[in-house]
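Every number here is computed from the coordinates shown, using simple stated rules; none is lab data. Small disclaimer: the values here were computed from a predicted structure and weren't measured. Virtual Cβ from ideal backbone geometry, glycine too; neighbours counted across all protein chains shown.
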Amino acid sequence: MSLNFDIKKGVYLYLGKSTPLMGGLGGGSSDAAAFLYAINLIFSLGLSREDLVDVSINFGSDIAYFFYGGMCLVEGRGEKVFKLDEYLSEEIILVIPNKGISTSFAYSLFDKSPRASNYTKQFFDAKKEGFIKLGNVFEDLVLSSDAELKKIKEILNEECEWNLMSGSGSVFYAKTNRTKHIEKKLLGMGKVITSCLKPLELKLIEF
């Protein structure tokens, strides 16, 4: 990046992580997006949102989304981001297993598997009918390779209205009013964080 934009100086970076590592929540990608945005400001590069998206592809496939936020349809390698007007607004919990799943491991399982259903199309078809249908091609693959995560999934199936693994895992998000029951059943396999799934807007980022 320094060569492409003739940056002569370096920067000191302190990163305080609060998003679980190897959780499938996009923590690393959002960190990268924030860093690129900061570099754009610090060195007055004058890059537009689209320029930052183009640059981000050199560093990772999921970074571009974080220059938009909210509910988006993402295609290609992650560089094609389409902002959506509709969104989910559901009170949810996050279940953070004690063990994480590396992205490279999850994709190695994906590369060996038959191509799965088109969950994106199924989601929008269901939305038109007034109900939620969620899917994640990684979930079955990861759960089939890990007995503890499979057990957590079984607990959530019993106690939640719906639940799904986030990204390539290992974190789950779920809608439920039985949080205490889930915490008891986890038996040291993970922890529960109450959260809220709402449209996100990057208020500090202006283009």
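Worth a mention:
- Radius of gyration and maximum dimension Dmax of the stretch 1-85, Cα, Å: 13.4, 41
- For the chain, calculated [θ]222 nm from helices alone, where every DSSP H run of n ≥ 4 adds -39500 (n - 2.57): -10000 deg cm²/dmol
- Helix 27-42 axis, angle to the chain major axis (alpha carbon atoms, nearest 10°): 20
- Only lysines eight or more places from Lys191 in sequence, or on another chain, were considered; those with a Cα closer than 18 Å are Lys17, Lys99, Lys150, Lys151, Lys153, Lys175, Lys180.
- Point-charge dipole on Cβ atoms (K/R +1, D/E -1) for the stretch 59-99, about Cα centre, debye to 20: 260
- Residues Lys150, Lys128, Lys185, sorted so that the one with the fewest Cβ neighbours within 10 Å comes first: Lys128, Lys150, Lys185
- Near Asn4, once Lys and Arg are set to +1 and Asp and Glu to -1 for all other residues with Cβ below 12 Å from its Cβ, the sum equals -3.
- Where Rh is the Kirkwood radius over Cα pairs, Rg/Rh for the chain: 0.99
- Cα centre as origin, Lys/Arg/Asp/Glu Cβ charges: the stretch 1-85 dipole, Debye: 240
- Here the residues Glu159, Glu139, ranked from fewest to most Cβ neighbours within 10 Å of their Cβ, fall in the order Glu159, Glu139.
- Cβ-based exposure ranking for Cys72, Cys160, in which fewest neighbours within 10 Å come first: Cys72, Cys160
- Dipole magnitude of the stretch 90-197 about its Cα centre (Cβ charges: Lys, Arg +1; Asp, Glu -1), debye to nearest 20: 60
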